[in-house]
Amino acid sequence: MSKTPKIALIGNPNAGKSSLFNSLTGLNQKTGNFPGVTMEKHTGIWELEPKRSVEILDLPGIYSIYPKSIDEELVINILGDPKHPDFPDMAIVVADASNLKRNLLLFSQVRDLGIPTVLALNMIDVAENEGYVINSIKLARELNVEVAEVNAKKGIGLNGLKLSVIKTLQNRFASNDALPLPVSDEVIQEVQANFGEAEMYRSLLWLMEHDRMKMFSIQQRETLDAIKSKHHFSSKKYQSEETVKRYEQITEVVDRCVINLNRQWDAVPVKTWTDRLDKFFLHPVGGYVFFLAILFVMFQAVFTWATYPMDLIDGGVATLNDWLKGVLPDSALTALLTDGLIAGIGGVLIFIPQIAFLFLFISLLEETGYMSRVMFIMDKLMRRFGLNGKSVVPLISGVACAVPAIMSTRSIGSWKDRLITILVTPLMSCSARLPIYTVLIALVVPEKNTLFGLFNLQGVALFGLYLLGFFMALVSAWVMKVILQAKEKSYFIMELPTYKAPRFKHVAITIFNSVNAFVFEAGKIIVAISIVLWVLASYGPGDEIAQSEAKIRLANPTLQGVELQNKISADKLEHSFAGHFGHFVEPAIRPLGYDWKIGIALITSFAAREVFVGTMSTIYSMGGEVDDANATIKNRMRAEINPATGKPMYDAALGFSLLIFYAFAMQCMSTLATTYRETKSWKYPLIQFSYMTALAYLSAFAVYQWLS
Amino acid sequence: MANLADLKIGEKGEIVGFTDELLSLKLLEMGCLPGTEVVLTHLAPFGDPIAIRVSGSYTLSMRREEAETMLIKRT
């Protein structure tokens, strides 16, 4: 049985590669990881004919085979190495027909690597609107490959593409084995003598780019370097000449295959929608106002819209727990199920509405092409702080989750800019902080008050916290810019794509994937910690817990009923393992206004901050009354009394101190692990952890002392 | 000799060369070849970065200091 052929999908950024991938594979997609690199690998199955499928591999968008940033290196590592597990049987190069010459550069390089290639011409309608008519039959003949006209967004032309792919798989015609430029045969022969027979362009690529290719050992690299110096071969010079030469050939081909109506009739080019929108979005004042307005609407909406489903989930979990406690026998197992497991799962589910809304906004901004305008207007500002216009995307994505945000820094070419972006991104308030903010803001910020009668004051407070995180990220970045020294220059050469209507299917897939990843990845940790916590809070060293009841009864002979039960369970918690941990850290957190119960939450939060709310529910459902049907976590915390003052525990000073602590503290194992993977050093996650925790402690201390 | 950063909005130029080898590699593969016509279309706030239209086919943004490495002839 022959194995499923692999097809790599290659193309310029914005050429419609992801659209085509979605059109071809629909929901038959899989997200995994490339071996050895922490890069998401998107594959999907495309059915060519009944019982004949191919595997489509979506590669990152690139402008040429020569990588300029880390995420681009992946492509050359796969296409340059026939032994790579993902080396494709053939390639589909997706080209934006309205920008044909630039797109054909990459096509010609892929073809010269000896990989059988089909050219998928996308956005022909755009090209025609701009006055270009493309003769794709002639183009196919000139380029000596199959050419298929497609409309990736609407899914038109896929049958034609199928035929081209089937033909190419059958004939496997690779290109004429010629080099784009004359290089002395001896150089190529020497590479081939050392590394085996290969296409000439592939051998040449090995010679030029071996530093970035994982297939070579140190000795092999030395051999290649020796060949280079022996023949005085300069990679940069060659690459520059090759690019010019390829463009010359491409221009000749395009001139024969494309008719430019504008030139023939000397027509004035039409003002496109993109031009009109850019007049506004890139305006020195209007551009910023619009960007801020978008962010404000995003947070206001996330806070107000998402609360309805969140209240439903919160209430639903409480109701379910009360019902289960009524039905099931009163045992330790029931308690583990309700207060441990279900409370933990509830703490995961409650995130879903907010994560969904955040990813809705972020993917809409990406999809429409607006995000690169944000980079454009923000670059100068960000640069003052040691960042880069491209840092805006990680920072905004950081609002959802720091892990993908840190991974998205790979598009930043400069190592210093990238490192600073990685280090400060977790200061952006991620979605895991949202439930904590939600609960605490609801406790200390009045709900009905409105600013100018327009906004929900709680929404304003939330927006303020996000701004604070952003502000702190900038300040930290500036400090790092001063400390870190690097001579390397950053660059910002970037295409501003045309505006496009968002593809809602694509947006939906993004939302679904991120919610899914959260529920199953983060959810596992949260539920596990909730259960461990429940055990730690239910059992203690020695027989302290067993003696609790007798001790309390003895000390308070007059107490009866619920009050007595509360006192007993509070005492039990205090003497549990968790209680001991809490007491242990209490002296350190006392100056911030926290007691040992919050201490327990802080300790558990250091693995992942999202367990705060779950921990609080566990702690307060054990220490407080459990017969209240509406006992949601918010109400329980509101009812908590500070034993020292007799006033509510969660007053403004404690509330804001906790909010600030959670805003700045580094409490996420996954983020630290990602920082390690991306920087390949333990030094940076350590720095990240230390400076953020110090920042959190000092700020929370200042806030508490100031407000109380 | 004039460079790209000297252009004002709406002004046109033709690329004649580059002064930075590494940047020129990136600019070349983005289609900024000698002889290509460029138009300055947008300036970000504070005049940096800038955006140009490359041979009438797409919009490319870059920083002012990067634009200074691209030598042009006003047309």
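The values are calculated or read from the model by the stated rules, or taken from the named source; none is laboratory data. Values in this document were obtained by computation on a predicted structure and should not be read as measured data. Here the Cβ positions follow ideal geometry from the backbone for every residue, glycine too, while neighbour counts run over all protein chains shown.
Some observations on this one:
- Those strands (runs of 3 or more DSSP E) lying entirely in the stretch B:19-75 with at least 3 residues more than 9 Å from every other protein chain (Cβ to nearest Cβ) and at negative phi: B:37-43, B:50-54, B:70-74
- Residues that are closer than 13 Å to A:A318 by Cα and not small (G, A, S), drawn from the stretch A:338-348: A:T338, A:D339, A:L341, A:I342, A:I345
- Failed condition for A:L358, given (1) surrounded by fewer than 20 Cβ atoms within 10 Å (Cβ to Cβ); (2) among the aliphatic types (A, V, I, L, M); (3) under 26 Å from A:N516 (Cβ atoms): (1)
- Residue count for the stretch A:76-109 under the criterion of being among the β-branched types (V, I, T), in contact with a strand residue (DSSP E or B) (Cβ under 6 Å, 6 or more places away or on another chain) and surrounded by fewer than 23 Cβ atoms within 10 Å (Cβ to Cβ): the result is 0.
- Within the stretch A:41-66, tally of residues that are in a strand (DSSP E or B), within 22 Å of A:A15 (Cβ to Cβ) and free of Cβ contacts under 8 Å to residues at least 24 places away in the same chain: 3
- Residues satisfying the stated conditions in the stretch A:536-552, i.e. of a type in the set (D, E, K, R) and either touching a residue at least 12 places away in the same chain (Cβ under 8 Å) or surrounded by 14 or more Cβ atoms within 10 Å (Cβ to Cβ) (or both): A:E544, A:E549, A:K551
- Restricting the stretch A:58-73 to residues that are over 12 Å from A:E209 (Cα atoms) and hydrophobic (A, V, I, L, M, F, W, C), the residue that is modelled with the lowest pLDDT: A:I70
- Among helices (runs of 4 or more DSSP H) entirely within the stretch A:315-412, having at least 3 residues that are small (G, A, S) singles out A:343-349.
- For the stretch B:12-32, the set of residues classified as over 18 Å from A:Y247 (Cα atoms) and either under 11 Å from the mean Cα position of the chain (by Cα) or surrounded by 19 or more Cβ atoms within 10 Å (Cβ to Cβ) (or both) consists of B:K12, B:G13, listed by residue number.
- Which numbered condition A:V399 fails, given (1) within 19 Å of A:S605 (Cα to Cα); (2) among the β-branched types (V, I, T); (3) surrounded by fewer than 24 Cβ atoms within 10 Å (Cβ to Cβ): (3)
Residues checked against (1) modelled with pLDDT of 90 or more; (2) more than 30 Å from A:V374 (Cα to Cα):
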{"residue": "A:H232", "(1), (2)": "no, yes"}
{"residue": "A:T243", "(1), (2)": "yes, yes"}
{"residue": "A:V253", "(1), (2)": "yes, yes"}
{"residue": "A:A267", "(1), (2)": "no, yes"}
{"residue": "A:T307", "(1), (2)": "no, no"}
{"residue": "A:M310", "(1), (2)": "no, yes"}
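- Pairs where the first residue, in the stretch A:365-383, is under 19 Å from A:N14 (Cβ atoms) and within 13 Å of chain B (Cβ to nearest Cβ) and the second is acidic (D, E) and part of a helix (DSSP H, G or I), C-beta under 8 Å, 6+ apart: A:R373/A:D278
- Of everything in the stretch A:483-515 that is surrounded by fewer than 13 Cβ atoms within 10 Å (Cβ to Cβ) and of a type outside the set (A, V, I, L, M), the residue that is modelled with the highest pLDDT is A:F504.
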